[in-house]
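The structure appears below as structure tokens.
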């Protein structure tokens, strides 16, 4: 139980994600409707260097299946939406030209 308390104080959730991981996921979900979004854009939005995003934040999220790196950019997978407690938009392109 002491470990649970320590993790709570460090804002680490049940999957082992910290506050920065959740900020990354929420940015893709809220601002970019699940993606795709480029790594440079994400890095700027998080005020983190690109290397930190690619080498520190993304590997564990990819391993858990929460995000995908695609040729077009980063995308939130179904597991990412579920972890955030959000429903994915009907289509990531809906409203693009409204």
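Odds and ends about this structure:
- Test result for residue 60, at pLDDT 95 or above and under 19 Å from residue 89 (Cβ atoms): no
- Whenever a residue of segment 75-88 is free of Cβ contacts under 8 Å to residues at least 24 places away in the same chain, its partners that are in a helix (DSSP H, G or I) and buried (at least 18 other Cβ atoms within 10 Å of the Cβ), lying with C-beta atoms within less than 9 angstrom and at least six residues away or across chains, give the pairs 87/81.
- Filtered residue count, segment 43-62, keeping only those that are assigned to a helix (DSSP H, G or I) and surrounded by fewer than 17 Cβ atoms within 10 Å (Cβ to Cβ): 12
- Residue 65 modelled with pLDDT of 95 or more, loosely packed, with under 10 Cβ neighbours inside 10 Å and within 19 Å of residue 16 (Cβ to Cβ): no
- Consider segment 24-38 and keep the residues that are assigned to a helix (DSSP H, G or I) and surrounded by fewer than 16 Cβ atoms within 10 Å (Cβ to Cβ). The one that is nearest to the chain's Cα centre (by Cα) is 26.
- The requirement of being in contact with a strand residue (DSSP E or B) (Cβ under 6 Å, 6 or more places away or on another chain) and either surrounded by 13 or more Cβ atoms within 10 Å (Cβ to Cβ) or at pLDDT 95 or above (or both) is satisfied by residue 74.
- Pairs linking a residue in segment 2-19 that is within 22 Å of residue 66 (Cβ to Cβ) to a residue that is modelled with pLDDT of 75 or more and exposed (fewer than 13 other Cβ atoms within 10 Å of the Cβ), with Cβ atoms under 8 Å and 6 or more positions apart or on different chains, are 11/19.
- Residue 6 being part of a strand (DSSP E or B) and either under 10 Å from the mean Cα position of the chain (by Cα) or at pLDDT below 95 (or both): no
- Against the conditions (1) part of a loop (DSSP other than H, G, I, E, B); (2) modelled with pLDDT of 90 or more; (3) in contact with a helix residue (DSSP H, G or I) (Cβ under 6 Å, 6 or more places away or on another chain), residue 14 satisfies every one except (3).
- Every listed requirement among (1) in contact with a helix residue (DSSP H, G or I) (Cβ under 6 Å, 6 or more places away or on another chain); (2) at pLDDT 95 or above is met by residue 47 save one, (1).
The values are calculated or read from the model by the stated rules, or taken from the named source; none is laboratory data. Just so we're clear, the structure is a prediction, and the values are computed from it rather than from any experiment. FYI the Cβ positions are ideal-geometry reconstructions off the backbone, even for glycines, and counts take in every protein chain you see.
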